[in-house]
Amino acid sequence: MDALSRGASVSEAAAYSGVVRATVYGWADKDLAFQQQWHVAEAQASGALRRRAYELAMGGNTRLLMWLIDTADERDRLTGEARGNEAVGEIQIIGLKEGEQYDGEFIEFVTP
């Protein structure tokens, strides 16, 4: 489970444990406690990934930032959650002149 919680695939985690992937799926089918541990490990890996993506996005990766915004909007649409459109801050692109293409280098998140 440690390998899964660090983001390894099922195949990688199985190999790390010295078993084949089918064995891991067999354990999950037969053992509820194992299945629950598996879900916890996946949630830990997913949380770590989200935290790192957020750090990169706030650090200037505009493609990742836009993807995070789009997926949050899509998740809200699918779940029916309506979030307010109130601004909690704004994104400013620093040093960009009108008509210039943005290269993703300088971005700043400014809170009011």
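The values are calculated or read from the model by the stated rules, or taken from the named source; none is laboratory data. Only a predicted model underlies this, so the values are computations on that prediction, with no experimental measurement involved. Cβ: placed from backbone, ideal geometry, glycine included. Neighbour counts: every protein chain shown.
Residue under question is Ala45, and the condition is that it be modelled with pLDDT of 85 or more and out of contact with any Asp or Glu (no Cβ under 7 Å at 6 or more places or on another chain); does it hold? Criteria met by Ala45.
The condition of being surrounded by 13 or more Cβ atoms within 10 Å (Cβ to Cβ) and not hydroxyl-bearing (Ser, Thr, Tyr) holds for only one of Ala22, Ala33, Ala41, that being Ala41.
Figure legend. Inter-residue proximity from the stretch 57-72: first residues at negative phi and part of a loop (DSSP other than H, G, I, E, B), second residues modelled with pLDDT under 80 and surrounded by 15 or more Cβ atoms within 10 Å (Cβ to Cβ), beta-carbon distance below 7 Å, spacing 6+ or different chains. No pairs are indicated.
Of the residues making up the stretch 1-22, just one is assigned to a helix (DSSP H, G or I) and of a type in the set (Val, Ile, Thr), namely Val10. Of the residues making up the stretch 44-57, just one is among the polar types (S, T, N, Q) and surrounded by 13 or more Cβ atoms within 10 Å (Cβ to Cβ), namely Gln44.
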